[in-house]
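J.: Mind having a look at this structure? Questions to follow.
Just so you know, all these numbers are worked out from the coordinates, no wet-lab data involved. Remember, predicted model here, so these are calculated numbers, not experimental data. Reconstructed Cβ throughout: ideal geometry from the backbone, glycine too, with neighbour counts over all protein chains shown.
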Amino acid sequence: MSNASSRLPALLGGTPSFSPPLPMARPCLPAPELILPTIEKIIASGHLTKGPELALFEEESANYVGVKHTVGMSSCTSGLMLCLQALRRRLPKTSRPRIAVPSFTFLASVTALVWAGFEPVFVEVDPTSMNICLDDLEEVLKNDEVSAVLAVHCFGNPVPLQRIEALCEHAGARLMFDAAHGFGSIHEGRKVGRGGWCQVFSLTPTKMVVAGEGGLVCTDDEELAEELRVGREYGNDGSYDTVFSGLNARLSEMHCSLARASLAMLEDVVAHRNQVAGALMKALAEVPGIGFQEITPRSRTTYKDFTIVVDPEAYGLSRDRLVEALSAEGVPTRKYFSPPC
C-alpha cells in the first residue's frame, strides 16, 4: 500500500496533510506594479471618487459583457437593493408585491428584496445544477401573483436563459439576476450579465473580478441605468433636491483601479479555475458517494466555488463528519448555503 493510503488520518491522531492549514480562498489579484502607478495618479489628483477610473471601468466592463450600461456600486447587495427599489417604484403602491427567488442562495438575495418592500416566494432548487428549478418556477408563475423573478447563477453556473426569459415573458414578470458569482460565465455564447432587466455582479475578494469591495449592475435599460446612478448618490440628481431615497453606494477610484486590472485577467482566471476543477473531478471520479454540481449544457462556469455533494450511505461518512476530517487534515471547507433561505 502507498504511504497516502496507509497513513493514519489526522482526525484519528495522524499527522495533518497540510500544516499550516490551507487558506479557505486566495483572491485572484494583479501584480502590485500593475496598479501602483494608477493609485499614485489618483492620490496626486485628489479625485478619490466619481472620477475617470469609474468611467473607464464601467466602459470596459460593459464592452466585456456586451451590454449598453454597467453601473458601479459599493456592493452587489446595494446594487440589488437599488434595482429592486427601482422595480418597486414601477408597481402600484397599495400592495406588497411578491418576487420569486430560489430557496438555496446567499441571504443578500432575500434581504435586498425585503428591504425594497417585496415578499419572497421561495422556489425549489434543482439538486443537480443547484440553480432555480424552472419546472417549479413555471408552477409558481401560474399559481402565484409574482411581480418579478430574482434568479441566481449559483457558484457561477448559468441559469438557462432562453427558458427562464420565456417563462417570465409569458407571466408578465420582470426577470432579474443575482449574478454575484457569474462574472466570466458564459451560456450559449452569451456572457452572464446579459439578459433579463438587469444582472448584478459582486466584486469582493472571492469573486473573479476583484475590487476589494464592490458591485456592478449590468442592463440595457437606459432609464434604469440613470436611476441607479442617481440612487447610488443618495437619490441626489446633482441638485441636492433628492428625487427619491437612495444610498451612498459609490465605488471609489481606488476600488475601480483594482477592478480594471482584475478584469484584464478575467479570462485567464476563469480558464485556470476550470482546469483546477477538472483535475479535482478527475481525481475524485471513482470515489463512491461524491457528486458534483452539474454545469448547464453549452455553458462555461466560473467555479466561484468547487462544490461536492456527499451521499453518506455510499461514501460511508456524513457530510459533517467529512468536514471534520478535512479540517483535521488542514483543508478548510464551508457548507454553502446552510441553512438555506
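J.: Listing Glu139, Glu286 from the residue with the fewest other Cβ atoms within 10 Å to the one with the most, what is the order?
T.: Glu286, Glu139
J.: Considering Cα pairs under 8 angstrom that are at least six residues apart, work out the relative contact order of the stretch 251-317 and quote it in whole percent.
T.: Across the stretch 251-317, relative contact order equals 33 percent.
J.: In whole Å, what is the distance between the alpha-carbon centres of the stretch 136-173 and the stretch 206-260?
T.: That distance is 26 Å.
J.: Can you tell me what share of the DSSP beta bridges in the stretch 32-264 is antiparallel? A percent to the nearest 5 is fine.
T.: Beta bridges within the stretch 32-264, antiparallel portion: roughly 50 percent.
J.: Normalising by the residue count of the chain, find the relative contact order in percent from Cα pairs under 8 Å and 6+ residues apart.
T.: Over the chain, the number comes to 25 percent.
J.: What's the exposure ranking of His153, His47, going from fewest to most Cβ atoms within 10 Å?
T.: Listing His153, His47 from fewest to most nearby Cβ atoms yields His47, His153.
J.: Moving on. Counting Lys and Arg as +1 and Asp and Glu as -1, what is the net charge of the other residues whose Cβ lies under 12 Å from the Cβ of Ser103?
T.: -3
J.: Below 30 Å Cα-Cα, how many Lys pairs turn up in the chain? Only count pairs eight or more apart in sequence, or on different chains, if you could.
T.: 23
J.: For the chain, build the charge dipole from Cβ charges (+1 Lys, Arg; -1 Asp, Glu) around the Cα centre, then report which of Gly291, Leu29, Gly196 sits farthest towards its positive end.
T.: Of the listed residues, the answer is Leu29.
J.: Continuing with this model, one more query. Cut-off 10 angstrom, C-alpha nodes, Gaussian network model of the chain. Which of Leu141, Leu284, Leu228 fluctuates the most?
T.: Leu284
J.: Have a look at Ala166, Leu91, Pro120 and report the one farthest towards the positive end of the charge dipole of the chain, computed about the Cα centre with Cβ charges (Lys/Arg +1, Asp/Glu -1).
T.: Pro120
J.: Kindly identify the stretch 122-247 as rounded, prolate or oblate by the Cα gyration tensor criterion: order the square roots of the eigenvalues as a ≥ b ≥ c, call it rounded if a/c is under 1.5, otherwise compare a/b with b/c, prolate if a/b is larger, else oblate.
T.: oblate
J.: Glu294 to Glu145: extension gain in nm, 0.36 nm per residue of separation minus the Cα-Cα distance?
T.: That works out to 50.6 nm of additional length.
J.: Rounded, prolate or oblate: which one fits the stretch 50-198, using the alpha carbon gyration tensor with axes a ≥ b ≥ c (rounded when a/c is under 1.5, else prolate when a/b beats b/c, else oblate)?
T.: Taking the square roots of the gyration eigenvalues as a ≥ b ≥ c, the stretch 50-198 is oblate.
J.: Please give the charge dipole size of the chain, origin at the Cα centre, charges +1 on K and R Cβ atoms and -1 on D and E Cβ atoms. Round to the nearest 20 debye.
T.: For this selection, approximately 440 debye.
J.: Which residue, Gly196, Gly51, Gly66, has the most motion in a Gaussian network model of the chain that connects Cα atoms within less than 10 Å?
T.: Among Gly196, Gly51, Gly66, the largest GNM mean-square fluctuation belongs to Gly51.
J.: Just grab the label-to-label distance for His170 and Ser17, each label 7 Å out from Cα along the Cβ direction, in nm (one decimal).
T.: Distance between label points: 4.6 nm.
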